[in-house]
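Below is one structure, written out as structure tokens, with a few remarks after it.
The values are calculated or read from the model by the stated rules, or taken from the named source; none is laboratory data. Just so you know, these numbers come straight off a predicted model, no measurement behind them. For neighbour counting, all protein chains shown are included, and Cβ atoms are generated from backbone atoms with ideal geometry for every residue, glycine included. Only protein heavy atoms, including side chains, enter the accessible area calculation; ligands, DNA and RNA are left aside. Shrake-Rupley method; radii C 1.70, N 1.55, O 1.52, S 1.80 Å.
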Amino acid sequence: MIEKGTNVALACDETKADVVLDLAEKLGPKICILKLHIDIIEDFTPEFPKQLRMLADKHNFLLFEDRKFADIGNTVQLQYEKGIYHIADWADIVNAHTVPGPGIIQGLKESAEKQSDPRGLILLAQMTPEGTLATGDYTKKSIEMAKQSPAFVNGFIGSSTISELTELRELAGEDFVIYTPGVKLAAGGDDLGQKYSTPQDVVAAGSDVIIVGRGIYQAEDPLVEAEKYREAGWDAIE
Ligand code: 5BU
């Protein structure tokens, strides 16, 4: 982030491999992370994550597969390592719900340790949509779980609701990275409960990384828009 002067994670929710690769190549210099949902790619081939990995290394950003694991330890190991996606082979970061308890962290950690490159986990201590159940005691217990595995759990997804996010930062302390989706230059929401705050407001509330999807990739010129978010996010950090 410091080398590139950016705290923007692009939520690249496009569904065609070549569109994702094109955005990764063009926007690579503006972002610290490319977050994707590998299971929405309609023309997936094993070549796709390899090409993405090359672009991530070329432009010095991390790959974050937003898999939101949510099962028992043994099953998440299979989902992380196996299937058609082999997520553990290429994703620097994945995330997980804390609803199953600490076994999910242990399971993913064991899989991660088989990889030669470092792997990290983000816990969903909060979520962004209206009516989420990930609040209060759930958030507190998620943070306690992270503190049991601090080397592997690098941080939390934080809410885009400013009061919640402020509370998360207070509870988490300074040793964890907070990643916030639901970020747009104009605050508001969508028709399905997503809630948006501005880069300035979420950073002021304690977020480190702003995760931006439609605000960038649906813009007329995603590169111009990515630079606006980079500037807003980095000015706020500084
Ligand atoms: P948007 O287009 O900027 O609304 O996309 C937000 C992205 O962040 C999208 O990929 C979601 O799956 C992801 N997300 C989120 O919006 N809220 C959450 O609490 C979590 C992930 Br966790």
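Residues that are within 19 Å of the chain's Cα centre (by Cα) and more than 11 Å from the ligand (Cβ to nearest atom) were ranked within region 148-163; the one that is farthest from GLY103 (Cα to Cα) is ILE162. Please tell me if LEU108 is within 16 Å of the ligand (Cβ to nearest atom), part of a helix (DSSP H, G or I) and of a type in the set (A, V, I, L, M). The answer is yes for LEU108.
Among the residues of region 188-214 satisfying the criterion of being touching a Gly at 6+ places or on another chain (Cβ under 7 Å) and within 13 Å of TRP234 (Cα to Cα), which is nearest to the ligand (Cβ to nearest atom)? Here the answer is ILE210. Counting only strands (runs of 3 or more DSSP E) that sit wholly inside region 115-181, those with at least 1 residues that are of a type in the set (Phe, Trp, Tyr) are 153-157, 177-180.
I'd like to know if region 70-93 contains one or more residues that are free of Cβ contacts under 8 Å to residues at least 40 places away in the same chain, part of a helix (DSSP H, G or I) and open to solvent by 70 Å² or more (accessible area, probe 1.4 Å). Scanning region 70-93, I find at least one residue that is free of Cβ contacts under 8 Å to residues at least 40 places away in the same chain, part of a helix (DSSP H, G or I) and open to solvent by 70 Å² or more (accessible area, probe 1.4 Å), so the answer is yes. Could we say that GLY193 is at positive phi and open to solvent by 20 Å² or more (accessible area, probe 1.4 Å) here? Taking the combined requirement at face value, the residue satisfies it.
The single condition from (1) open to solvent by 40 Å² or more (accessible area, probe 1.4 Å); (2) under 18 Å from the mean Cα position of the chain (by Cα) that THR98 fails is (1).
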